[in-house]
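Q: Please see the structure below; I have some questions.
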6 protein chains.
Amino acid sequence: MSETRTPFGIKAFDKMISGGLLSGTANLLEGAPGTGKTTLAMQFIYNGITQYKEPGLIITFEEFPQQYYHDAMQFGWDFKRLEAEGKLKIVFSDPQTAIEELSKIDGQFVKLIEEMGIRRVAVDSITHLESLAIDPYELREIERKFINALKRENVTSILLRENDSLLGPVTQVTDKIPFIVDSYMILRYVEIDSAIEKAICMLKMRGSDHQKDIRCFKITGHGIEVEQKFSGREGIMSGITHSTPQDAFVNAFGKK
Amino acid sequence: MSETRTPFGIKAFDKMISGGLLSGTANLLEGAPGTGKTTLAMQFIYNGITQYKEPGLIITFEEFPQQYYHDAMQFGWDFKRLEAEGKLKIVFSDPQTAIEELSKIDGQFVKLIEEMGIRRVAVDSITHLESLAIDPYELREIERKFINALKRENVTSILLRENDSLLGPVTQVTDKIPFIVDSYMILRYVEIDSAIEKAICMLKMRGSDHQKDIRCFKITGHGIEVEQKFSGREGIMSGITHSTPQDAFVNAFGKK
Amino acid sequence: MSETRTPFGIKAFDKMISGGLLSGTANLLEGAPGTGKTTLAMQFIYNGITQYKEPGLIITFEEFPQQYYHDAMQFGWDFKRLEAEGKLKIVFSDPQTAIEELSKIDGQFVKLIEEMGIRRVAVDSITHLESLAIDPYELREIERKFINALKRENVTSILLRENDSLLGPVTQVTDKIPFIVDSYMILRYVEIDSAIEKAICMLKMRGSDHQKDIRCFKITGHGIEVEQKFSGREGIMSGITHSTPQDAFVNAFGKK
Amino acid sequence: MSETRTPFGIKAFDKMISGGLLSGTANLLEGAPGTGKTTLAMQFIYNGITQYKEPGLIITFEEFPQQYYHDAMQFGWDFKRLEAEGKLKIVFSDPQTAIEELSKIDGQFVKLIEEMGIRRVAVDSITHLESLAIDPYELREIERKFINALKRENVTSILLRENDSLLGPVTQVTDKIPFIVDSYMILRYVEIDSAIEKAICMLKMRGSDHQKDIRCFKITGHGIEVEQKFSGREGIMSGITHSTPQDAFVNAFGKK
Amino acid sequence: MSETRTPFGIKAFDKMISGGLLSGTANLLEGAPGTGKTTLAMQFIYNGITQYKEPGLIITFEEFPQQYYHDAMQFGWDFKRLEAEGKLKIVFSDPQTAIEELSKIDGQFVKLIEEMGIRRVAVDSITHLESLAIDPYELREIERKFINALKRENVTSILLRENDSLLGPVTQVTDKIPFIVDSYMILRYVEIDSAIEKAICMLKMRGSDHQKDIRCFKITGHGIEVEQKFSGREGIMSGITHSTPQDAFVNAFGKK
Amino acid sequence: MSETRTPFGIKAFDKMISGGLLSGTANLLEGAPGTGKTTLAMQFIYNGITQYKEPGLIITFEEFPQQYYHDAMQFGWDFKRLEAEGKLKIVFSDPQTAIEELSKIDGQFVKLIEEMGIRRVAVDSITHLESLAIDPYELREIERKFINALKRENVTSILLRENDSLLGPVTQVTDKIPFIVDSYMILRYVEIDSAIEKAICMLKMRGSDHQKDIRCFKITGHGIEVEQKFSGREGIMSGITHSTPQDAFVNAFGKK
């Protein structure tokens, strides 16, 4: 009944999810622009290499490796050096090629994973697969095939997905991928006291229940730091955030 | 006027629904990704076999049997062994084949049901039937045919359906299947005090009135445990959940 | 100025609508899945036969007569016997045939109505007519033709219609049929104190004003029982139900 | 600056609109099914004949004259007799014919209006014109042509229009006709204390400002009776109706 | 840095907008049916002629000049006489012709503007340009061309635009014209205490900041009179209007 | 880890964003019509030239340079003179040409940037690129290509984008460009006390966390002045703005 965990190396978050992601699973990480998807994915890869000795692979469909070198270095993560040391590989690809190379037994990615002993993979972003099919059933097949290929290689993967809902309600799952993956993390903007904060929540996780707190997080000079639950707020994930009425009374009149 | 019931073996929930599902009926179980649809269906099948001596069948259109063996084992349910003992069968199929094999008198599923004495069936997920027709009237016919085939075999079935409404209002029935089935269960995420909880409700059940509480449930190491009603919350099923005003007053000032 | 009434035989409801439906009219009964449309229609037919000596006809486009025998028997209504006694007829048909047979002077339904002296008709469900035309103006013509045929036979009919709005606002009339019929009843789910209740309202009724209360109703072992108005609730029909503010104050602090 | 008025003969309403509709204008009357559009139109025609000696014409695109005879008689208005006396004409037509006959100098309607000295016209309903064109600009031309033909004949007309918004917000003008007509009346359902009431409002009226109260109205045995403004309610026309907060306080604690 | 202003001659409004519209600019005036767009435009033209000696031109795509003579006369503005005196011209045209005649150096409108010394133009309504193109980028080009032609002639123009949002939120700019014009005025219905009032707001104005109050206005026998800001109301322009909570407390308990 | 910053020269805003935009990045500036996008962009260019000695380029797809000369002069910024001095260039272009000239090594823009030593670029507006492709994936490629060309030239650019959401919720990212750019600023209208105010927020900024306050700003005779956070308001960016409940209590009863 016990399972191997692949931690993020972010203590407060790993604790929420019973120690880490389930090893060998495919995990969706969704968020609006600027919520920190790429930062969290890079941190997962970086900590994997430096704290857990698990080589990592970043498959990117949009930015060149240079952007990752640069962005990671902001947090003191020297991706260029890690690549030179053979612990990290950043590959710029396109969705069609990526699927083919992952599916073939001797494909580029398969060989890379095996040769480098890759244990962690980040895909930035799975959203680009959506350009491969108009029919939703065909797209679902493509996404499933991609995910199965990753799982067959027994790596723990984070699949980034762009969420168009900037603020306000997340009304709908707009793609079937949340039904296919093993876990589903959401990053959200939250407006509080005329400022924008960020929330993280592990909504779905295969297996027994994990902690489903909606936590505040910050992006510091050392990467993401997960903090407490939001207090006295309603509707963070499910709609327009606002103070709970009791919080409002207490703020105005003091606590009984 | 009395009818045979097929219990889930989850006491609090069976009590809500007057002892169990009506035997021989088709029952819809709908929920967003990660709400526990598959867990509840597996528990229905597992308890059927172990507590009520009713052999079970799982028809799956997406995951391979291995995923079920693995996921069930997290709850201590040894599906592999049950299959070996001839009490359970997990069949990976596709919607088109499933319908054909269910409709033919000597079809694969029909023979399986008869030979194994199958009493309970779980279909994961009925959503996949939607790929068979674009026209809503044609789809309705397909879904009705599928359901009628199951009912003709006199098994009690649970049909899983993916609901795209993650959080916030369930505005619309997006398919006609809720009008065709004998009962309609909904699993929902509910945001309470900056955490995500889960709710279950039996919305529709053919025959006399059952209890229509919206209950909180947890997924523990032993499967689903149904708990109390949510107190002091409005809009759980029908929209954005928030504290009732009276609850807010009481929390701030104490009860009179 | 006085008109003949065709009562449901449900006292509290008949009282609301000035004694019953106007005899010879076509009446729309709309509701989400599981709200009790079929039960109310069966009760209208059953009470018509047993209390008012008015033979009844059920035209069904989806379920076989067996389902009605079974479901009615849950309430102690022996439809099979009534059919044997020539007081009831349940006909499984399809929309195209039904319209033709109703429109021809010597059509199946026309002959049936005349031979059996049918006074009450239930159509389960008028929604199926929607498959006959894509153009809304053409559909309107079909629906009007169907309704006129029923009115020409001078029967009092209940036309069931599936409403896709499960909970939350009924924003829109999604078909022109409410403009054509003589009355328009709506059944609704209402979430109150973390449970789902049911509401009935006669929204439209040709002629002078009837009572437009939104009443709570239950489905008991004897059929539908209409109870009081909901107290201290807003938005039952028009949107998200919630406590009225005054109700909230009173609950928290007591009544002045 | 003074203009002739054509009163409804409903005192409270005529007062709101400075004595009546402007004579010779085209006036839109919009409402959901069952809100009383036809009743108000019939009352306008009936009172015109009996109180103001102005012969009336009803052009109907859906119901046969018999339905009007019957419905009017519920309010004690003997339309059959009025027709026999040459003071009223009810014509069943179709949109295409109606436009042609109104546009031709010697058309059916033109001749009728002149021969009978018709001063008031009701069109039930203008919605049917929408079947004549898919292109919104073409439809606008058709509607304008229809309206201009009526105005050229110098009659005061009421154009009924079906509004699909049953309850809840009237979000949008769904057709350009409100921009073309001389006045725009809206009938609405309003949910208050778990019952459905009816509201009337004259939203637009060419010329100087009229009273824009939103008034409650009832349909009695003598037709429509317009009552007071709704008190302590917000959002009647513009959204979900609810108690104003001050009303809630006063109800709970009494007035200061 | 100082610029010439073209006042409306409505004191309270001119004051809000620093003295008037910027001379030589194109100004959008948007509103739902009946909000007073045409009245405000006629008043701008009338006051221009009588108070500021600036000849005016009204280009109309829907109503004939007679309608303007009639409507203006309600406010005591004798448009017929002004036309006879060569100070005003009302031209009925169509969008295609209007654009052509405005674009040609010796076009009808250009010659008219020059010969009469036209300083103010009202276009009723710019909405009709939308019939000229389906493609939004093509439409934008047409609207820009039209606006540029007016600005080249150095007249100050008011472009009326029909807004389909009757009441409730103005969610979206539904056309790109607000991005092209020099200023953007909105007229709105506001429901207050069960009556409909009217609001005016100058949302956008090129150059330094003007007053962005949302003001109440009335249409009196002398035209539009702009009054104060709405007090104690939220959501006038941005959504469903309602009392502010503090206003509610004060109304119920009195001011501290 | 330290990076060069390109300040706006607006103290309060530069402070919020840790000193300025990251040099060499592409920055999105989005807002409804009239929110001040062009003013902010002109100020960025003007202050760049006059305070930081960084020559600037404005690429415009809609207005002619004359409009910029005129509008800038309202704030005392003499763009004509700056152009004459070789410190500024305003180029009217079209999207297709702009992309080509930016992409070619010896293209017009590339040569201009190199010859003039351009350090800052404003594009008014990037929205016009949307006319180049219907397919969203193709558009994304075009936008990425455009942005990469700017970044290759190592200029710091501001890309204006028209946002159609006038007031009320910004529900959705309507284009993928926010995911591609390095930072994402939003300008918004906010209704407060029956007047329209303006808010600015830097939602996304690559690298470590900046201040995410939602600040009020004014457009004065000297350009944009950024002020404090809004106090006691909820939902500024995420929905309908309203007073926080505590603010309402305090306003009515005074602070404890």
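Q: Within region B:127-138, how many residues turn out to be outside any loop (DSSP other than H, G, I, E, B), closer than 19 Å to residue A:176 by Cα and out of contact with any Pro (no Cβ under 6 Å at 6 or more places or on another chain)? Outline the logic, then answer.
A: Taking region B:127-138 and keeping what is outside any loop (DSSP other than H, G, I, E, B), we get B:127-132, B:136-138.
Going one step further and asking which of them are closer than 19 Å to residue A:176 by Cα, we end up with B:127-132.
Filter once more, so that each one left must be out of contact with any Pro (no Cβ under 6 Å at 6 or more places or on another chain): B:127, B:130-131.
Qualifying residue count, region B:127-138: 3.
Q: If you go through region A:69-87, how many residues are touching a Phe, Trp or Tyr at 6+ places or on another chain (Cβ under 6 Å) and more than 11 Å from chain F (Cβ to nearest Cβ)?
A: Pass one, region A:69-87, residues touching a Phe, Trp or Tyr at 6+ places or on another chain (Cβ under 6 Å): A:69, A:72, A:77, A:79-80.
Next, only the ones that are more than 11 Å from chain F (Cβ to nearest Cβ) stay: A:69, A:79-80.
So the count comes out to 3.
Q: Residue under question is residue F:51, and the condition is that it be surrounded by fewer than 17 Cβ atoms within 10 Å (Cβ to Cβ) and under 23 Å from residue E:140 (Cα atoms); does it hold? Walk me through how you get there before you give the answer.
A: Values: surrounded by fewer than 17 Cβ atoms within 10 Å (Cβ to Cβ): yes; under 23 Å from residue E:140 (Cα atoms): no.
No, not satisfied.
Q: Within region F:25-68, restricting attention to residues that are within 17 Å of the chain's Cα centre (by Cα), hydrophobic (A, V, I, L, M, F, W, C) and within 11 Å of another protein chain (Cβ to nearest Cβ), which residue is farthest from residue F:11 (Cα to Cα)?
A: Step by step, filter region F:25-68, then rank; the result is F:61.
Q: Right, next: Taking only region D:151-160 into account, find how many residues are crowded, with 21+ Cβ neighbours inside 10 Å and either farther than 21 Å from residue D:48 by Cα or over 15 Å from the mean Cα position of the chain (by Cα) (or both). Give the derivation first.
A: Here is the first cut: in region D:151-160, the residues crowded, with 21+ Cβ neighbours inside 10 Å are D:155-160.
Filter again for either farther than 21 Å from residue D:48 by Cα or over 15 Å from the mean Cα position of the chain (by Cα) (or both), leaving none.
Of the residues in that region, 0 qualify.
Q: Is it true that residue D:47 is under 30 Å from residue E:69 (Cβ atoms), at pLDDT 95 or above and either not in a helix (DSSP H, G or I) or not β-branched (Val, Ile, Thr) (or both)?
A: For residue D:47, the condition - under 30 Å from residue E:69 (Cβ atoms), at pLDDT 95 or above and either not in a helix (DSSP H, G or I) or not β-branched (Val, Ile, Thr) (or both) - is not met.
Q: Among the residues of region E:205-230, write down those that are assigned to a loop (DSSP other than H, G, I, E, B) and either touching a Cys at 6+ places or on another chain (Cβ under 9 Å) or more than 7 Å from every other protein chain (Cβ to nearest Cβ) (or both).
A: Here is the first cut: in region E:205-230, the residues assigned to a loop (DSSP other than H, G, I, E, B) are E:206-212, E:214, E:221-222, E:230.
Once the filter is applied, which keeps residues that are assigned to a loop (DSSP other than H, G, I, E, B) and either touching a Cys at 6+ places or on another chain (Cβ under 9 Å) or more than 7 Å from every other protein chain (Cβ to nearest Cβ) (or both), region E:205-230 yields E:210, E:211, E:212, E:214, E:222, E:230.
Q: Further, regarding this structure: Looking at (1) under 26 Å from residue C:125 (Cα atoms); (2) in contact with a Leu (Cβ under 6 Å, 6 or more places away or on another chain); (3) within 12 Å of chain C (Cβ to nearest Cβ), find the lone condition where residue B:200 falls short.
A: (1)
Q: May I pose another question? Pick from C:129, C:150: which is in contact (Cβ under 8 Å) with a residue 40 or more places away in the chain and of a type outside the set (Gly, Ala, Ser)?
A: Working: C:129 fails: in contact (Cβ under 8 Å) with a residue 40 or more places away in the chain.
Exactly one of C:129, C:150 is in contact (Cβ under 8 Å) with a residue 40 or more places away in the chain and of a type outside the set (Gly, Ala, Ser), namely C:150.
Q: Being at pLDDT below 70 and touching a helix residue (DSSP H, G or I) at 6+ places or on another chain (Cβ under 7 Å) is the filter here; which residues of region A:208-252 pass it?
A: Once the filter is applied, which keeps residues that are at pLDDT below 70 and touching a helix residue (DSSP H, G or I) at 6+ places or on another chain (Cβ under 7 Å), region A:208-252 yields A:243, A:244, A:245, A:246, A:248, A:249, A:250, A:251, A:252.
Q: Going through region B:1-39 one residue at a time, which ones are basic (Lys, Arg), closer than 23 Å to residue C:221 by Cα and outside any strand (DSSP E or B)?
A: Restricting attention to region B:1-39, the residues satisfying the condition of being basic (Lys, Arg) are B:5, B:11, B:15, B:37.
If we keep only those that are closer than 23 Å to residue C:221 by Cα too, we end up with B:5, B:15.
Once the filter is applied, which keeps residues that are basic (Lys, Arg), closer than 23 Å to residue C:221 by Cα and outside any strand (DSSP E or B), region B:1-39 yields only B:15.
Q: Further question: I'd like to verify a number: residues in region A:149-191 that are within 14 Å of chain F (Cβ to nearest Cβ), closer than 21 Å to residue F:204 by Cα and not small (Gly, Ala, Ser), how many?
A: So the answer is 14.
Q: I'm checking my understanding of the structure. Among residues of region C:125-147 that are hydroxyl-bearing (Ser, Thr, Tyr) and either more than 11 Å from every other protein chain (Cβ to nearest Cβ) or in contact with a helix residue (DSSP H, G or I) (Cβ under 7 Å, 6 or more places away or on another chain) (or both), which one is surrounded by the fewest Cβ atoms within 10 Å (Cβ to Cβ)? Talk me through it step by step, then tell me what you get.
A: Restricting attention to region C:125-147, the residues satisfying the condition of being hydroxyl-bearing (Ser, Thr, Tyr) are C:125, C:127, C:131, C:137.
After this cut, where a residue has to be either more than 11 Å from every other protein chain (Cβ to nearest Cβ) or in contact with a helix residue (DSSP H, G or I) (Cβ under 7 Å, 6 or more places away or on another chain) (or both) as well, the list is C:131, C:137.
Details: C:131: 18, C:137: 13.
Among those residues, the one meeting the criterion is C:137.
Q: Here is a follow-up. Within the set of pairs 6+ apart or on separate chains, which have a first residue in region F:202-226 that is in contact (Cβ under 8 Å) with a residue 40 or more places away in the chain, a second that is of a type in the set (S, T, N, Q) and part of a strand (DSSP E or B), and C-beta atoms under 6 Å apart?
A: F:205/F:183
Q: Filter region F:84-102 for residues that are of a type in the set (Asp, Glu) and touching a helix residue (DSSP H, G or I) at 6+ places or on another chain (Cβ under 8 Å); which is farthest from residue F:36 (Cα to Cα)? Can you show your working first?
A: We begin by selecting, within region F:84-102, every residue of a type in the set (Asp, Glu); these are F:85, F:94, F:100-101.
Retained after the next criterion (residues that are touching a helix residue (DSSP H, G or I) at 6+ places or on another chain (Cβ under 8 Å)): F:94, F:101.
On the way: F:94: 22, F:101: 28 Å.
It comes out as F:101.
Q: Of the numbered conditions (1) over 21 Å from residue F:175 (Cβ atoms); (2) in contact with an Asp or Glu (Cβ under 9 Å, 6 or more places away or on another chain), residue F:93 satisfies every one except a single condition; which is it?
A: That leaves (1) as the condition not met.
Q: Which pairs have Cβ atoms under 9 Å, sit 6 or more apart or on different chains, and link a residue in region D:76-87 that is touching a residue at least 60 places away in the same chain (Cβ under 8 Å) and closer than 19 Å to residue D:223 by Cβ to one that is assigned to a helix (DSSP H, G or I) and among the aromatic types (Phe, Trp, Tyr)?
A: Filtered contacts from region D:76-87: D:77/D:46.
Q: Please work out if residue E:141 is of a type in the set (D, E, K, R) and without any contact (Cβ under 8 Å) to a residue 12 or more places away in the chain.
A: So residue E:141 passes the test.
Q: Shifting gears a bit: Of the residues that sit in region B:182-235 and are farther than 20 Å from residue B:71 by Cβ and of a type in the set (Phe, Trp, Tyr), which one is surrounded by the most Cβ atoms within 10 Å (Cβ to Cβ)?
A: B:184
To keep it simple, each residue is scored yes or no on (1) in contact with a Ser or Thr (Cβ under 7 Å, 6 or more places away or on another chain); (2) aromatic (Phe, Trp, Tyr); (3) farther than 30 Å from residue A:94 by Cβ.
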| site | (1), (2), (3) |
| --- | --- |
| F:84 | no, no, yes |
| F:87 | no, no, yes |
| F:123 | yes, no, no |
| F:134 | no, no, no |
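Q: Scan region E:51-61 for residues that are part of a helix (DSSP H, G or I) and free of Cβ contacts under 8 Å to residues at least 40 places away in the same chain and jot them down. Break it down into steps so the answer makes sense when it comes.
A: Going through region E:51-61, the residues part of a helix (DSSP H, G or I) turn out to be E:51-52.
Once the filter is applied, which keeps residues that are part of a helix (DSSP H, G or I) and free of Cβ contacts under 8 Å to residues at least 40 places away in the same chain, region E:51-61 yields nothing.
The values are calculated or read from the model by the stated rules, or taken from the named source; none is laboratory data. For clarity, every value in this text was computed on a predicted model and none was experimentally measured. Note that each Cβ is placed from the backbone with ideal geometry, even for glycine, and that neighbours are counted across all protein chains shown.
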